[in-house]
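Note sheet for the following structure.
What follows is calculated from the coordinates using simple rules that are stated; it is not laboratory data. Quick caveat, the model's predicted, so the values are computed rather than measured. Positions of Cβ are generated from backbone atoms using ideal geometry, with glycine treated the same way; all protein chains shown enter the neighbour counts.
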Amino acid sequence: MKTHRNTKARFVFLLPAAIWVLTFTIFPLVYSLYISVHKVETKMNVSREKVPMLDASGNPVLDAKGNPRTKIKINREKISTWTNIGFTNFKRLVDDPQVHSAIKVTSIFVLVAVPSQLVLGILLALLFNQRLWARSFLRAVMLLPIFATPLAVGYLFFTIFYEEGGPLGFLGVPFLSNPDWALFSVILVDIWQWTPFCFLVFLAALQGIPNELMEAAKMESKSKWGLFANIIFPMLTPTIVIVLLLRLAEAIKLFDIPFALTGGGPGVATQSMSFLAFRTGLRYFDLGYASAMSYCLLIIVMIIVTLFFRKLRQSYA
Amino acid sequence: MKLFKSLGLFVSACLTCGIATAADHHVKWHDDGKVDLVMEDGTTISTTREELGSLFGPDQKPFDGVSISVTVNSGGPKGGISGPLYSFRPIWEELTGGKLEIVELPFGEHYTKMMLDLRNGTGQYDAFMVGAFWYGDIVPNGYAFPIDDFMTTGEYPQWTYDSMPQSLKTLHTWEGVGYGVLNDGDGQVLYYRRDALANPEWRAQFKKEYGYSMPVPPKTWQQMLDISNFFNGKNWDSNDPDPDSGTVLHLKVGEQGHYHFQSLSASFAITPGPELDQYHNVYWFDPTNMKPLINSPGHVAALEFLQELHKTGPSAQVGWSLGEAWDYFLRGKSVFVFSWGDVGSLCQDTSRSKIQGVCASSILPSSDTYYDHETKKFVKTTNPVKVGNTTGGSWHGVISNYSANPEATYSLLSLMAIKPASIWLAQNGWTGVDPGFTYQFLEPQGEAGLGDYLDAGWAEADVKDYLKAYYETFFADTFLPYLRIPGSFEYWDILDKNLSATMSGEISAKQALDSTAKTWEQITDRLGRDQQLGYYQSAIGYK
């Protein structure tokens, strides 16, 4: 009897979470998969009729000449046609030069931005793990970029990178008008915004290394590099894998910064996969194709996550 | 002390009354049938009871308690297209008793938000200030409300399509049915610095370098490129000590940069002829089979020419939107810009412009060589035809079929379309409303008097050039056809991205246009070739 009640209680406690996951994760996943294998067309059939205009108490409204006023009533019938097209949308991905370009942009972005953030984050954490003048203040300042909205950051840097009379205009660098520089600018902004996050987590991890261990290691190790390579880095590895995983998953979804900073241009030089999926779905309303793109992105992210979790388990073992 | 207190109370009471009076009386009804519409800043537009329609009167509030919402490209209370809604809101609210919510959306988001509302049937918005190229996605799907019946009842503010040139009228209707309410007339013209091109020293130097007299205004694009090259890098403007440019362009992807290419390429890529047929007066697609023409040798030549022209301006313009390019010209930094009517009227705004009085305009030049689609050869001509255009959105109101209050919504849009309102809007650059209707052109082509424009702060030489340029642009014999078919937004977006890649040097002109044509074929096949062909033929008047 007691066991039965416990099971019931467990079920009740789990229900909200289950409803949440079903509504906001499982349903959209299934629905978008369904869309990706269909061609969706919507149309509206409309008829209109004139009906008497009535006031709040139901009496006819009269015009200046005392005649009853009329109002147009619109009768609408929305027609949605779903045509099964199999895996056509997935096949399109293979031949679409825009997809190829977006994959290239996203890959370059991920491969440059994420390692840079990790390396800078570790270096800063090592620096701030020592006695430093005004350390608390500087640490607080360092963290500020995390709290800014990426979209706002994009617009802010649009002003900073403005080539004619902008604060960096004197450098003569085509930050936004040259395809290579534009991608570099997007990477730079992302590094500026997310390095503090890496720094914060690494600093916490560094401060979690027992003092006794560090003292003993300092006595045994002849160089700082040896200390870092043999003690600190191995101790940080699980944290690095976690941060890498989080940053990779975020970076692959790159959207806000190019959206605000470059509009995906010049041309498609900064158009990421997420940006292309957004454009395809919500600008061209080719929902099936956009869903197929999103699925591909999801599969890539899942493969990476799985690989990293495996690595994480191994490092713990 | 008591006296001061009483005086203070009296003054504050007067002030309160004054504010209340100003706020409550945006409409003044006169006994002789005249009506003054007074804006927040005191600007008054005079109309008549007849022109306002029978629904409105001193004691009538025909839409009391009704709330409507209208979407518009964001620009704020003094922004282009959005500004007039703010100006007319208090007037309309007083006339009708209704409430107007203005929903500002960034240019890049407006279409998306509108389509989401319509496709999902949310009905959040009563009307949209649309670009004419959106018609293909909203009218055939049954999302737009036809307004012909409202126009004939006499109940609503009076305006007519007859005041529009045919080229603009077409953009407000679909298969003969009216959907759009008159507001803005878009087309691109050439703006140039009158003082620089008239300067005898520069003229002599130009003749020496190029071997012919500098034509003012340039008649061909090739002449314009020469002039642009000539002035680029020289400090010909005295507003600052730095070197100035030849031509400034707005080329940022997703920010209307492709319109430059459309307007410029028309005279390279259109084969002029007396009728529109498979080969003549066509630009976008072959009207017999929907095969794209966008990568024809004429189009490619035009894009290569645009690349050359781009070299005579600041390299940063690849990332510039309209505002940046316009400001560059208004600050006296370039000899040429070809853009919309906003530039001409912004030239007169001395808070923003240093070039009032020297801001000349003309119809766009033509190419001295065009591609003949029939013979598949380039033709060199000494007398190129002028090609008109309605490039742009001609932003205007269209009522949603999901609106619960189409009558109230129409009463707002039509109030802004009455003749005196429309004249006022065209005369004031910040409104973003460009001229295009008969009563906005000067006599003898139109009905407007020069004095009206001079009173509004225009320099005489500027306004004469400006209105002549627009008249010639909208009434030209040869015309750049407007693309109004389902998927126009997507077709243009693909073109825009490829053009931007070309202008930034990523790919060649031919690669860009070949890629565009290939993607257009896929779009056409996806949307249905036969359906698209039918709409295209109807849109360009192919029989």
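Relative contact order, whole percent, for segment A:88-316 stands at 31, derived from Cα pairs under 8 Å and 6 or more residues apart. Looking at the square roots a ≥ b ≥ c of the eigenvalues of the Cα gyration tensor of chain B, which shape do they give, rounded for a/c under 1.5, prolate if a/b is larger than b/c, or oblate? Oblate shape, in that a/c is at least 1.5 and b/c is the bigger or equal ratio. Distances between placed amide hydrogens fall under 5 Å for residue B:270 paired with B:371, all partners being 5 or more residues away or on another chain. Close amide H contacts of residue A:54 (hydrogens built in the peptide plane, cut-off under 5 Å, sequence separation of 5 or more or a different chain): A:61. Per residue, the average separation of C-alpha pairs within less than 8 Å and at least 6 apart gives segment B:403-487 a relative contact order of 17 percent. With an 8 Å Cα cut-off and a minimum separation of 6 or more residues, compute the relative contact order for segment A:181-302 in percent. Relative contact order of segment A:181-302: 24 percent. Backbone geometry of segment B:355-366 corresponds, through the Karplus equation with coefficients 6.51, -1.76 and 1.60 at θ = phi - 60°, to 3J(HN,Hα) couplings of 10, 4, x, 10, 9, 8, 9, 7, 4, 4, x, 10 Hz, x marking Gly and Pro. Taking amide H as placed 1.01 Å from N in the peptide plane, the amide H of residue B:280 sits under 5 Å from none that are at least 5 places away or on another chain. For chain B, the longest principal axis of the Cα atoms and the long axis of helix B:529-540 meet at an angle of about 70 degrees.
To the nearest ten degrees, helix A:2-21 and the longest principal axis of the Cα atoms of chain A are 80 degrees apart. For segment B:293-398, GluC sites (Glu not before Pro) are listed when DSSP marks them as loop and at most 14 other Cβ atoms sit within 10 Å of their Cβ; the list is B:374.
Between the helical axis of A:27-36 and the longest alpha-carbon principal axis of chain A there is an angle of about 70 degrees. Straightening the chain between residue B:475 and residue B:377 buys 32.5 nm, computed as 0.36 nm per residue apart minus the Cα-Cα spacing.
When the listed pairs B:419/B:543; B:377/B:510; A:73/B:78; B:219/B:543 are checked against a 25 Å cut-off, the alpha-carbon distance exceeds it for B:419/B:543; A:73/B:78; B:219/B:543.
For segment A:75-149, trypsin sites (Lys or Arg not before Pro) are listed when DSSP marks them as loop and at most 15 other Cβ atoms sit within 10 Å of their Cβ; the list is A:131.
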